[in-house]
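Note sheet for the following structure.
Bear in mind these aren't lab numbers, they're just calculated from the coordinates by the rules spelled out. Here the structure is a predicted model, which is why all the values come from computation and not from measurement. Cβ coordinates were reconstructed from backbone atoms using ideal geometry, including for glycine residues, and neighbour counts include every protein chain displayed.
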Amino acid sequence: MTLPDAERFARLRLARTDRVGPVTFRQLLDRFATAERALEALPDLIRRGGGHGHALPPVERIADELESGRRAGARLIVFGDPDYPEVLAAIDPPPPLLWTLGDAALMARPCIAVVGARIASAGGQRIARGLSQQLGEAGHVVVSGLARGIDGAAHAGALPTGTVAVLGGGVDDVYPPDNADLYAQIVEQGCVVSESPMGARAQAKDFPRRNRIISGLSRGVIVVEAELRSGSLITARLAGEQGRDVFAVPGSPLDPRSRGPNELLRQGAILCEGLEDVERAFSTLRTLGEPGPDNPFDGVGDDIDAALIERVAALLSPTPTPRDELARALGLPIGTVAAVLLELDLAGRAELLPGGLIVARSP
């Protein structure tokens, strides 16, 4: 069912609100059903959690972002829209929104990510380009991050059959600049995606979020070349956490760019020497896109008071604690504890993490 325009506007505004990340966004929707109701409740939730004031973005700022998207020819897809990618909606938690340029329908097709080193060898780039071409011809959409090296080679190999580039900055932020021609080709023949605002310039903090979307859109992630401390291995780790398969192209132990894939193989990644290795693994993969976790707020009443909030807060620590463990320690229903934790998060006293974990925030 198509969301009303007012609700789509409210979801964009909620996603741009300070202290509302993907986990909090999803829990607010679970608790209040709509972003419009969540925005109305936000000031009171922050106050009850022990916070002061609220930082809802001005309506004018949200209208400006929508107008910037319209001028750029971009399309906004918010969580709950019928064309929000099903496999991405199933991760915990999904991105609240996506800005897209190009053919957004590509994200609904079977996708696989090909990622690797920015300073890649000629051989590594040749492997990425050839493998991506084979994947595309076999019906897969190749997803990558439009970085130099392996990412650029993967996009180039898959251009004729469809490729998705996920950016750290806005969809109108051409980064790196030397990939400008490739960016233009992807807008024309593929799809460019980002959850960052229009006009945003990529910063270091944006790339882990970008990597999470790359793996979330994909049935599997192939790492061609990567050093041990690299964004590509972060993408591989996220893929494993999301239930995706991780593939690695082996390389010479004399090349530091092979240390990442070789280490992934030691940890149980699937050896990838060509298309047949991917197809063999996919023939046994479970279906992706199952519904996300149950709504923890079902049956929650409005009986939360300051004393209960402080009891829950006293049990938090800088070490991530499962929400279920807190509920057992307090002898309370999981929904009641989830509601209190949401208020502590909005007040800046705690932080909700994926997987039902919570940590105390420093004062």
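Just a few scattered comments:
- A simple spin-label model places pseudo-atoms 7 Å from Cα toward Cβ; at residue 5 and residue 329 they are separated by 4.9 nm.
- By the Cα gyration tensor, region 45-189 has an equivalent ellipsoid whose semi-axes, rounded to whole angstrom, run 33, 17, 16 from largest to smallest.
- Taking 0.36 nm per residue of sequence separation and removing the Cα-Cα distance, the residue 83/residue 175 pair yields an extension gain of 30.5 nm.
- Relative to its Kirkwood radius, the Cα radius of gyration of the chain gives an Rg/Rh of 1.00.
- Residue 201/residue 59 FRET efficiency (R0 41 Å; Cβ-Cβ; nearest 0.05): 0.95
- Using 0.36 nm per residue and subtracting the Cα-Cα separation, the extra length available between residue 277 and residue 184 on full extension is 30.3 nm.
- Gain in span if fully extended, residue 105 to residue 70, counting 0.36 nm per residue against the direct Cα distance: 10.7 nm
- Gyration tensor (Cα) of region 101-282, equivalent ellipsoid semi-axes in angstrom: 23, 17, 15
- Net charge contributed by nearby residues that have their C-beta within less than 13 Å of residue 205 (K/R +1, D/E -1): +2
- Counting charges near residue 123 (Lys, Arg +1; Asp, Glu -1) among other residues having Cβ under 12 Å from its Cβ returns a value of +1.
- In this structure, the amide hydrogen of residue 97, modeled 1.01 Å from its nitrogen in the peptide plane, lies closer than 5 angstrom to those of 79, counting only residues at least 5 positions away or on a different chain.
- Take the Cα of residue 52, step 7 Å toward its Cβ, do the same at residue 148, and the gap between the two points is 4.7 nm.
- Karplus-based coupling profile of region 196-213, in residue order and whole Hz: 6, x, 4, x, 5, 9, 4, 10, 4, 5, 7, 6, x, 5, 4, 4, 5, 6, with θ = phi - 60° in 6.51 cos²θ - 1.76 cosθ + 1.60 and x standing for Gly or Pro.
- Net charge over other residues, Cβ less than 10 angstrom from the Cβ of residue 10 (K, R count +1; D, E count -1): 0
- In this structure, the amide hydrogen of residue 219, modeled 1.01 Å from its nitrogen in the peptide plane, lies closer than 5 angstrom to those of 111, 112, 113, counting only residues at least 5 positions away or on a different chain.
- Bridges between two residues of the chain, per DSSP, are antiparallel at a rate of about 45%.
- Rounded to the nearest Hz, the phi-derived 3J(HN,Hα) couplings of region 224-236 under the Karplus curve 6.51 cos²θ - 1.76 cosθ + 1.60 (θ = phi - 60°) are 8, 9, 5, 7, 5, 9, 8, x, 5, 6, 5, 4, 5, where x marks glycine and proline.
- Burial ordering of 1, 198, fewest other beta-carbon atoms within 10 Å first: 1, 198
- As a proxy for reagent exposure, ranking 258, 230, 362, 144 by other Cβ atoms within 10 Å from fewest up yields 362, 230, 258, 144.
- Column: log10 I(q)/I(0), Debye, Cα scatterers of region 306-360, q = 0.22, 0.23, 0.24 Å⁻¹: -0.72, -0.80, -0.88
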